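The values are calculated or read from the model by the stated rules, or taken from the named source; none is laboratory data. Because the structure is a prediction, the values reported are computed rather than measured. Here the Cβ positions follow ideal geometry from the backbone for every residue, glycine too, while neighbour counts run over all protein chains shown. Keep in mind that these areas ignore ligands, DNA and RNA; they rest on the heavy atoms of the full protein, side chains included. Shrake-Rupley method; radii C 1.70, N 1.55, O 1.52, S 1.80 Å.
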Amino acid sequence: MSSKNIVESSNDITNSFVTPEYIRNRFASIMSDMYKNEVPLYGELLNLVHDINDSVLKESKEIKEQLANTGEITRLNMERHGAIRLGKPYELFTMRRLFKVMGMFPVGYYDLATAGVPVHSTAFRAIENTALNQAPFRVFTSLLRLDLIDDNDLRERVENILEDRQIFTDKALELIDKSEKEGGLNKEDAEIFVQEALETFRWHDTATVDYEMYEALLGQHRLIADVVAFKGPHINHLTPRSLDIDKVQASMEARNIPPKDNIEGPPTRKCPILLRQTSFKALTEKVTFKNDAENGKMGEHKARFGEIEQRGAALTQKGLDLYNDLLGKTRKAIGGSPNAENAAEYNKLLQENFTVFPDNYAELHSEKLAYFHYFTTEKAKNISKDRLFTKEDLFQLLEDGYLKIEPMVYEDFLPVSAAGIFASNLGTEDAKRNYEGTSNQLLFEKDLGAPVYELMKWYEDMQDETILKCLVELNA
């Protein structure tokens, strides 16, 4: 689709609405510029990832063709995901409305409390394949679980602090209302909207609480302090997509980027699956606390870091169950989460345990462990028209060369990996927290004001869409 078509939704340039893809790309771009200015290491990280991606595409014709076939190649270097942490239901409800203006919807429910992080989350992103390829911006959005603060007095004080803050500008709220009432925004309004929305995600080095309160929050959990003690949900990382995360991990120190101890997710494979993530360690940033501004007393806070991801094939429930089983087996063997001391042992054991997980696309497909895009081949133009083909014929059509497949990229997140990234940047004590609270998707969706899209169903629907398209072509 041309840039003109992305911007315009009708021929009347003056009065037409811009598309959500246009707004989403514009917002992701200015967010990236802001974060690069706030966290210069992020700019160096982007350069490193781009260099390695270019190298992989030059060296691997197979990877380049795969990305071209699925439409991902054009989005590769603009792909970003960010993460924010919200404090109260109103913020989550309004954030859903804000992201809807950009064509982003809540996909999946993630409970991180079982991994020692007192939040539950969803990911806002586009839900159409074409829209994803045009503007692949995602925001992993977490809501603080106040019920997991075990100090009743502190919990009440936190509720009061959060009640008094407004993280959205008046103009942003006005334009959200306008978009909902009129069905979109024109280009002028869209530009104002993205600039106003950006203010919600900006870093503020002045806390909204005094140092004593900050310490009390820190004593509960470092993430609670990060959510409650500041004016808004500053973006805490923006993540580029790498085609070889092992090369990125090995190259970070040479560029003075301090890497975390190990890569989260599955081990290195010929056929990548799900999501592998690493990061540079959280920055120590100077903060002025409430009532300390006059005497110039400064404190410190750690929250923001740089993350990198490598995305592989989306797994079916059968594949995900196998993945979780092998990951759990590995972690149990080393006594929990990997760290600096046992990273080498953990990675060796992980690689050994995953030898039972098929590492070629044909086998992943035949065993129904992963989702795939289906395409007709040149040979299909000469297929016999004396019968109608159905889904039952897929394997035979593949075997006979009338169809081909490409892996469907995993567009979402892994709660254990997300918790691992958080833990490596929040400190070892927080990583050992054990919350016994149960998952509460119904409460999350009530606060959100909408149901989340079911992960597996989304991938099944996307796969079925490509199958149907192929059958229509074959039966034409």
Can you name the condition, by its number, that S337 falls short on among (1) within 27 Å of the chain's Cα centre (by Cα); (2) surrounded by fewer than 17 Cβ atoms within 10 Å (Cβ to Cβ)?
(2)
Kindly evaluate L67 against the criterion of being within 23 Å of Y361 (Cβ to Cβ) and open to solvent by less than 10 Å² (accessible area, probe 1.4 Å).
yes
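Residues are listed down the side, and each one gets a yes or a no for (1) open to solvent by less than 10 Å² (accessible area, probe 1.4 Å); (2) modelled with pLDDT under 95:
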| site | (1), (2) |
| --- | --- |
| S60 | no, yes |
| T74 | no, yes |
| L86 | yes, no |
| F124 | yes, no |
| F137 | yes, yes |
| L146 | no, yes |
| A172 | yes, no |
Here's a check for you: in region 272-282, which residue that is surrounded by 21 or more Cβ atoms within 10 Å (Cβ to Cβ) and either of a type in the set (K, R) or not in a strand (DSSP E or B) (or both) is modelled with the lowest pLDDT?
A282
Residues (surrounded by 18 or more Cβ atoms within 10 Å (Cβ to Cβ) and either hydroxyl-bearing (S, T, Y) or under 20 Å from G312 (Cα atoms) (or both)) located in region 362-401
L364, H365, L369, A370, Y371, F372, H373, Y374, T376
Starting from residues that are more than 16 Å from L468 (Cβ to Cβ) and touching a strand residue (DSSP E or B) at 6+ places or on another chain (Cβ under 6 Å), keep the ones in region 405-416 and report whichever is surrounded by the fewest Cβ atoms within 10 Å (Cβ to Cβ).
P415
Search region 191-225 for residues being in contact with a helix residue (DSSP H, G or I) (Cβ under 8 Å, 6 or more places away or on another chain) and among the hydroxyl-bearing types (S, T, Y), and hand back the single one that is most open to solvent (accessible area, probe 1.4 Å).
T208
Enumerate the pairs (first residue in region 182-195 and charged (D, E, K, R); second residue anywhere and surrounded by 15 or more Cβ atoms within 10 Å (Cβ to Cβ) and in a loop (DSSP other than H, G, I, E, B)) with beta-carbon separation below 6 Å, excluding pairs fewer than 6 apart on the same chain, so at least 6 apart or on different chains.
K187/V18
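Residue by residue, here is whether (1) over 30 Å from E65 (Cβ atoms); (2) outside any helix (DSSP H, G or I); (3) in contact with a His (Cβ under 7 Å, 6 or more places away or on another chain); (4) among the charged types (D, E, K, R) holds:
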{"residue": "Q195", "(1), (2), (3), (4)": "yes, no, no, no"}
{"residue": "E199", "(1), (2), (3), (4)": "yes, no, no, yes"}
{"residue": "R202", "(1), (2), (3), (4)": "yes, yes, yes, yes"}
{"residue": "L218", "(1), (2), (3), (4)": "yes, no, no, no"}
{"residue": "K231", "(1), (2), (3), (4)": "yes, yes, yes, yes"}
{"residue": "L243", "(1), (2), (3), (4)": "no, yes, no, no"}
Which members of region 251-271 meet the condition of being in a loop (DSSP other than H, G, I, E, B), farther than 13 Å from Q351 by Cα and open to solvent by 20 Å² or more (accessible area, probe 1.4 Å)?
N256, P258, D261
If you go through region 449-463 one residue at a time, do you hit one that is modelled with pLDDT under 95, touching a strand residue (DSSP E or B) at 6+ places or on another chain (Cβ under 6 Å) and crowded, with 20+ Cβ neighbours inside 10 Å?
yes
So G336 ticks every box in (1) at pLDDT below 80; (2) on the phi < 0 side of the Ramachandran plot but one. Which box is left unticked?
(2)
Number of the exception - F305 against (1) among the hydrophobic types (A, V, I, L, M, F, W, C); (2) open to solvent by 10 Å² or more (accessible area, probe 1.4 Å); (3) at pLDDT below 85:
(2)
Kindly check whether there is at least one residue in region 427-448 that is at pLDDT below 90 and hydrophobic (A, V, I, L, M, F, W, C).
yes
Within region 39-51, which residues are under 23 Å from A282 (Cα atoms) and either part of a helix (DSSP H, G or I) or open to solvent by 20 Å² or more (accessible area, probe 1.4 Å) (or both)?
P40, L41, Y42, G43, E44, L45, L46, N47, L48, V49, H50
